[in-house]
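Notes to accompany the following structure.
The values are calculated or read from the model by the stated rules, or taken from the named source; none is laboratory data. For clarity, every value in this text was computed on a predicted model and none was experimentally measured. For neighbour counting, all protein chains shown are included, and Cβ atoms are generated from backbone atoms with ideal geometry for every residue, glycine included.
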Amino acid sequence: MTLKLTPKNDPSELIRLRDGIYAADLLVTAISHFDFFSEIYNKDLTFPEICDHFKIDKRCADVMLTYFRASKLIGCRDDKYFVTEIAAEFLLKSSKWNMAPYFSTQSERPIVEKMLQVLKTGEPQSWGGKKQEQDWAKAMEKPDFAAMFTAGMDSRGAYYAKGIADNFDFSKYKSILDIGGSSGIYTASIIEHYPNLIGGVLEKSPVHKIAEISVAQKGKQNCIKIFESDMFNSIPPGFDIHLFSHVMHDWNVGQNRKLIKNSFDSLNAGGVIMIHDAHINPDKSGPLSVAEYSILLMFSTSGKCYSITELGEIMESVGFVGIEEIGTLGNRSIIVGRKE
């Protein structure tokens, strides 16, 4: 099939069902294990105070508070968090309409127990919460899991890739490297729209072998080269554009700083870094669908969904300029910066 096709219907709500699968479990955990809303009611706690009061990891607290804000259960004023009217009526133990016990009937779900451990330790659980399974990063080193996961990301990318090509002018550039590019779907789609480009996909073993097969199936083996390498160690030089699609959300701030620095060091002068992902609003109030997705990432990886404020600060610190966010398709966007 051509990579320029667009589906007749919008799959955003279907994607949200998958991406937001852990959201209810986080709410149940906060209610049943922390009595979160009763505990912060009328206290106007700051972010550090919330982390200290509940003894929870900062990354996880950030994800949780963003989700509760997006769900209109808490608000934030002058950097202090407060319980909203609807949460005060239905989620406080002092309210005559308290429904916290209703949510707590689900407190013994296995995922809720695992969610509690993530909140306390900040350490990701196994992918899908499976017993005797490794976390996502380690699982991706296993051929069977890597093949399954890459096929899933390829199916998602077939929809989202066109949004990048339609919202950024690639005509003035000659080459693009898709870093952590999985099946190569994004580079293949962009080159389909802009045949002036030559492409590359950087992936670790065993995913690089999957990428080789996938790129050939898309008929792009003559214009996309597969590089087997660890993006944290080095990035091949000589490219005008570095695309990170759904990559930064798997890693913590320090790891992302390393990736962005590696990009800056190897990118051609005048080149562009492009971070494609579901991004949180700068004030961390939503969107709700992205806040829900961030919970899945918090649970299964070292990362979360980031905002342009967070990523832009890193990009500027290593030397990128002209940083901006451009909407693409659904709840996705690209954050771009230029190397002078």
Check: Quick one: what pairs do we get from the range 217-243, first residue more than 17 Å from Ser182 (Cα to Cα) and of a type outside the set (A, V, I, L, M), second surrounded by 13 or more Cβ atoms within 10 Å (Cβ to Cβ) and at pLDDT 95 or above, C-beta under 6 Å, 6+ apart or different chains?
Finding: Pro237/Ser266; Phe239/Ser175; Phe239/Leu177; Asp240/Tyr173; Asp240/Lys174; Asp240/Ser175; Asp240/Asn268; Asp240/Gly271
Next item on the list: Starting from the range 79-91, take each residue that is surrounded by fewer than 16 Cβ atoms within 10 Å (Cβ to Cβ) and list its partners that are at pLDDT below 95, counting only C-beta distances under 6 angstrom and pairs at least six apart or across chains.
Entry: Lys80/Asp44
Check: Do we have any residue at all in the range 97-104 that's touching a residue at least 12 places away in the same chain (Cβ under 8 Å), of a type outside the set (A, V, I, L, M, F, W, C) and closer than 22 Å to Trp251 by Cα?
Finding: no
Margin query: Out of the residues in the range 242-254 meeting the condition of being part of a helix (DSSP H, G or I) and farther than 27 Å from Tyr159 by Cβ, tell me which one is nearest to the chain's Cα centre (by Cα).
Written below: Val253
Next item on the list: Looking only at the range 293-340, count how many residues are in contact with a Phe, Trp or Tyr (Cβ under 8 Å, 6 or more places away or on another chain), assigned to a strand (DSSP E or B) and among the charged types (D, E, K, R).
Entry: 2
Next item on the list: Could you run through the range 93-127 and say how many residues are in a loop (DSSP other than H, G, I, E, B) and touching a Lys or Arg at 6+ places or on another chain (Cβ under 7 Å)?
Entry: 2
Next item on the list: Please go through the range 9-36 and pick out each residue that is under 20 Å from Ile295 (Cα atoms), of a type outside the set (A, V, I, L, M) and free of Cβ contacts under 8 Å to residues at least 60 places away in the same chain.
Entry: Glu13, Arg18, Phe34, Phe36
Checklist line | Test: residue in the range 213-220 that is surrounded by fewer than 17 Cβ atoms within 10 Å (Cβ to Cβ), of a type in the set (A, V, I, L, M) and more than 24 Å from the chain's Cα centre (by Cα) | finding: yes
Item checked: Qualifying position, being out of contact with any helix residue (DSSP H, G or I) (no Cβ under 9 Å at 6 or more places or on another chain) and not charged (D, E, K, R), among Leu259, Leu243, Leu267 -> Leu267
Margin query: Take Met153 and tell me if it is surrounded by 13 or more Cβ atoms within 10 Å (Cβ to Cβ) and in contact with a Phe, Trp or Tyr (Cβ under 7 Å, 6 or more places away or on another chain).
Written below: no
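Condition check ((1) touching a strand residue (DSSP E or B) at 6+ places or on another chain (Cβ under 6 Å); (2) outside any strand (DSSP E or B); (3) among the small types (Gly, Ala, Ser)) across all residues:
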{"position": "Gly181", "(1), (2), (3)": "yes, yes, yes"}
{"position": "Tyr186", "(1), (2), (3)": "yes, yes, no"}
{"position": "Ser189", "(1), (2), (3)": "no, yes, yes"}
{"position": "Pro195", "(1), (2), (3)": "no, yes, no"}
{"position": "Gly200", "(1), (2), (3)": "yes, no, yes"}
{"position": "Lys209", "(1), (2), (3)": "no, yes, no"}
{"position": "Ile213", "(1), (2), (3)": "no, yes, no"}
{"position": "Gln221", "(1), (2), (3)": "no, yes, no"}
